[in-house]
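The values are calculated or read from the model by the stated rules, or taken from the named source; none is laboratory data. Model, not experiment: these values are computed from the prediction. With ideal geometry, Cβ positions are generated from the backbone for all residues, glycine too; neighbour counts draw on all protein chains shown. Surface accessibility is based on the protein's heavy atoms, side chains included, excluding ligands, DNA and RNA. Shrake-Rupley method; radii C 1.70, N 1.55, O 1.52, S 1.80 Å.
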Amino acid sequence: MASRPLPPLAIMTPMTLDSSTCYRALRARDARFDGRFFVAVSSTRIYCRPVCTVKPPRLENCRFYPSAAAAEVAGFRPCLRCRPELAPGNASVDATTRLAQAAASLIEDRTLDAEGLVAVAARLGITDRHLRRAFGAEFGVSPVEFAQTQRLLLAKRLLTDTGLTVTEIAFASGFGSLRRFNALFKQRYRLQPGELRRHMNGETVPVTDVLNFELSFRPPYDWPAISTFLGARTIAGVEILDGTCYRRTVRVVSEDKDHLGWVEIRLSTKKPALRVAVSASLVRVLPTVLSRVKALMDLSCNPTEVAKVLGGMAQRRPGMRVPGTFDGFEGAVRAILGQQVTVAAARTVAGRFAAALGDPVETPFGALTTVFPTAARVADTATGLIARLGMPGVRARTVVALARGVADGDLVLTPHTDIDATLERLRALPGVGEWTAQYIAMRALAWPDAFPHTDLGVMKALGEKDARRVLDAGKAWRPWRAYAVMHLWNSITKE
């Protein structure tokens, strides 16, 4: 007998999970719900993703939780088959949800470990008390408990998928000591780390110079569109699109130390996920690297929610994403270099910029030789030298002013930062107008409602010459105007 259709996703609010709805999604293994809730089974004390392939348990044995952390705090262990740590993120523009999701992203990026809860709250423009309240409403646990679960799940992934030693895994996952890691792992999972590895693999995974991961997304996912977009803007020496594989160099600063390496990203042919290869040189900063890849590839997007607002526009290219940036400063510099020039011209200047001010890095790929320069390096560079790389002096001064703001900490260019305050600071920089600020918000800040309405490509796609009418037209696409921009750009040939 055919089952009844599932209700709209809008009714699935984080802390009001309807058991019957969740159970029907579980039985259907509907990928749209993956990551939106987790099901814990009272008889086995194990929790799963709703797409798990095991036989569905009876409804009376199920408990539904809004996050993996909430399930673990309640005493459940993660399923070894569906692996909850692989579930995609959850994106929403609801104010409370957005704050909690922003904090979760910063926790994944190790900001909580490095700066503390007060600093995380300050980045979001709220008090730490309000953050704890919003976080609890969204995930059912405190930020500290959430961070603890994230560290454990990453450790579990590394134990399963890599040949790293247990000590290396403990520190790569963010634990301050091996003793603390072993104790918490045994408490949560009732196994020693080595026992889990033997149970999952049967034999030791060989140690290599590359760590491989899979990062899930909610289908559909328009990989050709996002890879083509990134490929058209690759910086020589820093990035390359090799067929359908995107590669780039990476710099992550942690505890005042530069960690240099590379990442490779391609679409999985077997499941809704991206296959990500990370150089072993980045093992100590893996959480940050994976978090930034998620932002770069917009993996937290829920295309169903976006399509409800964009309508026919989304139907023509299902699964369109908004490409982010691996590094916010790099993305902002690229936006400035792209002012009033073609994509090809901006790419040429960006290549010169990276070659002159970046640092060399060893990779197995001949085309990847350089990491993009830091804000501190650019801030200490003479404006005249930057101008000689192929841009007007005014634009060079804008780049230096941006670099000084980032280097001094006055300007934080990361996803989920306080969007209004950051836009205000960007507009205050000499040479940064509304187009540049909105473009930076769209990509570096991952703001889904960013709307560069004066963009010539957007105006051409809409057949408009009046920016005010473009702005009015954009009201129909809120709060997903950035996705509408991607569809508009894709509808034309934009050089």
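General observations
- Residues located in segment 275-286, provided they are in contact with a Lys or Arg (Cβ under 8 Å, 6 or more places away or on another chain) and surrounded by fewer than 22 Cβ atoms within 10 Å (Cβ to Cβ): ARG275
- Lone unmet requirement of (1) assigned to a loop (DSSP other than H, G, I, E, B); (2) in contact with a helix residue (DSSP H, G or I) (Cβ under 8 Å, 6 or more places away or on another chain); (3) closer than 22 Å to VAL141 by Cα for VAL51: (3)
- Some residue of segment 236-255 being among the hydroxyl-bearing types (Ser, Thr, Tyr), modelled with pLDDT of 95 or more, more than 28 Å from ASP34 (Cβ to Cβ) and outside any loop (DSSP other than H, G, I, E, B): yes
- Qualifying residues in segment 443-481 (those that are touching a Pro at 6+ places or on another chain (Cβ under 7 Å) and part of a helix (DSSP H, G or I)) - the one most open to solvent (accessible area, probe 1.4 Å): ARG443
- If you go through segment 299-336 and keep only what is among the hydrophobic types (A, V, I, L, M, F, W, C), under 11 Å from TYR483 (Cα atoms) and in contact (Cβ under 8 Å) with a residue 12 or more places away in the chain, you end up with CYS301, VAL306, VAL309, LEU310, MET313, ALA314, MET320, VAL322.
- Condition check for ARG334: buried (at least 22 other Cβ atoms within 10 Å of the Cβ) and over 12 Å from ALA403 (Cβ atoms): yes
- Scanning segment 369-390 for residues that are part of a loop (DSSP other than H, G, I, E, B), surrounded by 15 or more Cβ atoms within 10 Å (Cβ to Cβ) and without any contact (Cβ under 8 Å) to a residue 24 or more places away in the chain yields one hit, PRO373.
- Scanning segment 55-77 for residues that are in contact with a strand residue (DSSP E or B) (Cβ under 6 Å, 6 or more places away or on another chain), surrounded by fewer than 23 Cβ atoms within 10 Å (Cβ to Cβ) and under 19 Å from VAL144 (Cα atoms) returns a single hit, ARG77.
- Filter result for THR348 (assigned to a helix (DSSP H, G or I), hydroxyl-bearing (Ser, Thr, Tyr), open to solvent by 20 Å² or more (accessible area, probe 1.4 Å) and within 27 Å of ALA473 (Cα to Cα)): no
- Residue count, segment 407-442 (criterion: of a type outside the set (Asp, Glu) and either closer than 22 Å to ASN302 by Cα or not in a helix (DSSP H, G or I) (or both)): 19
- In summary, VAL412 fulfils each of the numbered conditions (1) open to solvent by 30 Å² or more (accessible area, probe 1.4 Å); (2) more than 18 Å from LEU124 (Cβ to Cβ); (3) aliphatic (A, V, I, L, M) with the single exception of condition (2).
- Scanning segment 123-179 for residues that are over 21 Å from the mean Cα position of the chain (by Cα), closer than 15 Å to ALA104 by Cβ, open to solvent by less than 40 Å² (accessible area, probe 1.4 Å) and aliphatic (A, V, I, L, M) yields a total of 2.
- Among the residues making up segment 144-177, those that are part of a helix (DSSP H, G or I) and without any contact (Cβ under 8 Å) to a residue 24 or more places away in the chain are THR167, ALA170.
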